[in-house]
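The block underneath contains the structure these notes are about, expressed in structure tokens.
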Amino acid sequence: MTDKDYLFSHPSMDRRRFLLSAAAVAVSTAFTSGHAVAQEPKQGGILRVAVPGGSADSIDPHYNQGQVSEIIRFTNMFDGLTGFDNGSDIRMMLAESFTPNATADAWTVKLRKGVKTHDGREFGADDVIFSVRRILDPAKPSKGSKLIDFVDAAKLERADDHTVVFHLKGSYGPFSDLWSNRFLRMVPKDFDPAKPMGTGPFKLTSYTSGQQAAFERFDDYWGDKAHVDQLIVSTMADAAAGMNALRSGQVDITYAVPYAEAKLMETDPRLKLLRNPSTQYLPIYMRTDLEPFTDPRVRMALKLIANREQLVKVAMNGYGAIANDMVGRYLPCGETPVAQRVRDIDKAKALLAEAGKSDLKLEITTASDVPGLAQTAQVFAAQAKEAGVDIKVTILEATAYLANYTNWPLGVDFFNDMYLPLVSRTLLPGGPFNVSRWNDEEFVSLAKQAFATTEEAKRCDLIEKMRVIEYERGGSIVWGWSDILNAYAGNVQNLLPHKVDSALSHLNKVWLA
């Protein structure tokens, strides 16, 4: 599972947000929230956070299972070259600028000076080269390797202490934006996962896998220093356990709020609800390399069975919006002009009959750790009965689900990112989160062209064609965009909504009243 990371107004479609031209890009922008702070921050205290996860979580930004518990820990401990603000705009982080050559197959990256690692050393070019080679290690594929597999690891060039030249295997236009992905965080050149250190606003003091990680404020942080003295991140089995810990005063923030409880919380004076408009979606995926899902008629029938409005209303308790079987929200190129897919039981039955799959019996598998996953499986199974499809629902603890990850024939998962990174991770063969095993030759060809081009208009045309192909023959039912709901106690201040990142990935911004 991935970044276990919407009903709000759509942002303006500024293509520059995600697509870079071949002209030099030299940005020096502070990574700030963009929200005005209403009062003076208070320093000190211990911030306690509950996050869903399992017994097999880690604190390694490159090698992990993508559980929420892991992501929240390493995003507060490690920085990327770039990152998202609380909207969908990219900001410079450890990098100061990205400058391409004329064909965008070589990029010169200038690093921010004065950045310290948690043991007091200066972060520089050698650390970036080490990090990139670690991510790309062919002997141990990482979560981020598919995102940057076009980088020639052997030809990374150290120009000086704070400059790295990336030589690519081909042109890549949106190069700087790519490094905002959470699985591409930077580590020191002698990184030891048994004693992890980063450059982030919090440094680790103790860690027990599957239970708890303790951090303290890193006073030499290059950016906005944390307001609290300590941060405790505790792993919970599911969202209900996190809510119980919040109500009992054991924690100040819980990542996951069950959708069924959210409406009640809105009237609870003791607690606050943070509603994050997000790119997150909960796809119902089908293994396109296994029967009966090798047949596109079966896949289309299941897409036509889905009552998207009901899924949003019931599985998300209304905290979301319908989607249209194409990944990517807040698109840099605007919406793709295809009709909204609507439920059509008669057509679904006809397609199943044509495929010889009437009276179809299936099993759908998902995990219990993230709100909406189990509910999606249950609601969809009930909807399928109307078309004569019998679906058995199996809900597992996160660790058990992940133990067989990408092997479930039919399941529900969750993803949260911008369009092109989602393509690399979830829609291309070999992608670490390609749970549907989708491998469409025409789509793959167009994706390669989209990544390579330096022309904004051409890239947008290619993306539109890619999304139409996904709409027509993709391996997942992308039925809705889900709000990510966080809950917190009344003394927690400045916990801000984020569209792409999690609000809990920026806990240096938070203070306790």
* To do: Return an integer: the convex hull volume of the alpha-carbon atoms of segment 349-494, in Å³ per residue.
  => 162
* Could you name the aspartates and glutamates whose alpha carbon sits less than 16 Å from that of residue 272, not counting residues in the same chain fewer than 8 places away? => 252, 261, 483
* Asked: So, with a 1.4 angstrom probe, what is the percent of accessible area on the chain that is carbon and sulfur?
  -> 49
* Potential lengthening between residue 155 and residue 133 on full extension [0.36 nm per residue; Cα-Cα distance subtracted] -> 6.9 nm
* Asked: Mind listing the phi-derived Karplus ³J(HN,Hα) values for segment 312-318, rounded to whole Hz, using 6.51, -1.76 and 1.60 with θ = phi - 60°, and x for any glycine or proline?
  -> 5, 5, 9, 5, 10, 6, x
* Which of the following values of semi-axes √(5λ) of the Cα gyration tensor in Å was calculated from the structure shown: [x] 35, 29, 20; [y] 34, 29, 25; [z] 46, 24, 22? -> [x]
* Using the heavy atoms of the protein chains and a 1.4 angstrom probe, tell me the accessible area per residue for segment 392-460 in square angstrom. => 35
* Asked: On average, how much accessible surface per residue is there in segment 188-300, in Å², for a 1.4 Å probe, leaving out ligands, DNA and RNA?
  -> 41
* If one computes the Cα centroid of segment 454-498 and of segment 129-145, what distance in Å separates the two points? -> 26
* From the residues 154, 130, 201, which one has its Cα farthest along the dipole of segment 129-209 in the positive direction, the dipole being from +1 and -1 charges on Cβ of Lys/Arg and Asp/Glu about the Cα centre? -> 201
* **Burial ranking of peptide ranges 165-171, 360-366, 65-71 (average Cβ count within 10 Å, highest at the top)** => 65-71, 360-366, 165-171
* To do: Quick one: work out the % antiparallel among DSSP beta bridges in the chain, nearest 5.
  => 75
* Whole-Hz ³J(HN,Hα) from phi, Karplus 6.51 cos²θ - 1.76 cosθ + 1.60, for segment 159-169, glycine and proline x -> 6, 7, 4, 10, 9, 10, 9, 8, 9, 9, 7
* Enumerate by residue number the GluC sites (Glu not before Pro) in segment 177-275 meeting two conditions: DSSP loop (anything except H, G, I, E, B), and at most 14 other Cβ atoms within 10 Å of the site's Cβ. => 266
* Structure fact -> Listed by chain and number, the residues whose amide H is under 5 Å from that of residue 362, excluding neighbours fewer than 5 places away on the same chain and using placed H, are 390, 391, 392
* Asked: Taking Cα pairs under 8 Å and at least six residues apart, what relative contact order does segment 35-110 come out at, in percent?
  -> 15
* **Under-5 Å amide H pairs with residue 415, H placed in peptide plane, nonlocal only** => 281
* Karplus couplings for segment 389-405 from phi (6.51 cos²θ - 1.76 cosθ + 1.60, θ = phi - 60°), rounded to Hz, Gly and Pro as x? -> 9, 9, 10, 7, 9, 10, 10, 10, 5, 3, 4, 5, 5, 6, 4, 10, 4
* Answer rounded, prolate or oblate for segment 282-331, using the Cα gyration tensor with square roots of eigenvalues a ≥ b ≥ c: rounded when a/c is under 1.5, else prolate when a/b is larger than b/c, else oblate. => prolate
* Dipole magnitude (debye, nearest 20) for segment 425-513, charges at Cβ of Lys, Arg, Asp, Glu -> 260
* Asked: With every protein chain present, what is the per residue accessible area of segment 303-380 (1.4 Å probe, Å²)?
  -> 38
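The values are calculated or read from the model by the stated rules, or taken from the named source; none is laboratory data. In this text the structure is predicted, and so the values were computed from the model without any measurement. Cβ coordinates were reconstructed from backbone atoms using ideal geometry, including for glycine residues, and neighbour counts include every protein chain displayed. Surface accessibility is based on the protein's heavy atoms, side chains included, excluding ligands, DNA and RNA. Shrake-Rupley method; radii C 1.70, N 1.55, O 1.52, S 1.80 Å.
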